[in-house]
Amino acid sequence: MNFFSRNKIITWVLTVILIVVLSALGTTLYITWKGAKEIEKVPNTASSCMMLTNVLSFDASQNADLQKILDRFDDTSAALVTTLRDHRLALMDELQKEQPDSLQIQLLTQEIGNTQTLLTRLASDQYLQIRMICDSSQQLKLSDFYCDMLGCPRVGCGESDTCQKNGQQRHRHGQK
C-alpha cells in the first residue's frame, strides 16, 4: 500500500515538473518569435555620407559632390576590406595549426600590411578630394573627423594642449 502511494506522489511530482518545463519552453518560443523584428538594411554609402554631411553641414551641391566621391571609392575599398579580412582569416588558420609554417605567417602578415597600406592610401586620397569641396571651417571639421576615424589625435592636440574629443576634456597627466 505504501508502495502505491509513493509511486502516485512521484508520478504527480514528475507531471507537475513536466508541465512547468513545457510552459517555460512554450513561453520562450512565443517571446522569441513575437519579439523577432526584421532589421532594416541601410546602404553603406548613405551612413558614411550622412555622418560626413551632419558633421560638415554640407549644402545640396556639396552633398552631391560628396556622394560622387564616396561612390568612386566604394568598390575599391570594399574589395580591399574583403581581401584584408581573408588574409587575416588565413593568418588565424595558420596560427591555429598544430605546427604553423613561419614562412606562410610572414607572407600573410606582409600581405595584411600591404593591403592596410592601400586602404590608408585610399582613405587619404578620399580625404583630399572631399577637402577640395569644403570651405575653411569645414576643412577643420573634416580633419577632426578623419583623425577620429584613423585613431589619431586631433590637429592642435599636443600633449600640453587641452582637447575637446568625444565630448570630454583631455588634459596632460590627468590635470584639470
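Between residue 27 and residue 110, full extension at 0.36 nm per residue minus the direct alpha carbon distance yields a gain of 24.6 nm. Shown for 134, 147: other C-beta atoms within 10 Å of each C-beta, ranked fewest to most, produce the order 147, 134. The order of 8, 141, going from fewest to most other C-beta atoms within 10 Å of their C-beta, is 8, 141. So which GluC sites (Glu not before Pro) in segment 90-143 end up in coil per DSSP with only 14 or fewer other C-beta atoms within 10 Å? Listed in order of number, the matching sites are 98.
FYI, it's all coordinate maths here, none of it is from the lab. Since we're looking at a predicted model, the values are computed, not measured. So basically every Cβ, Gly included, is an ideal-geometry build from the backbone, and we count neighbours across all protein chains shown.
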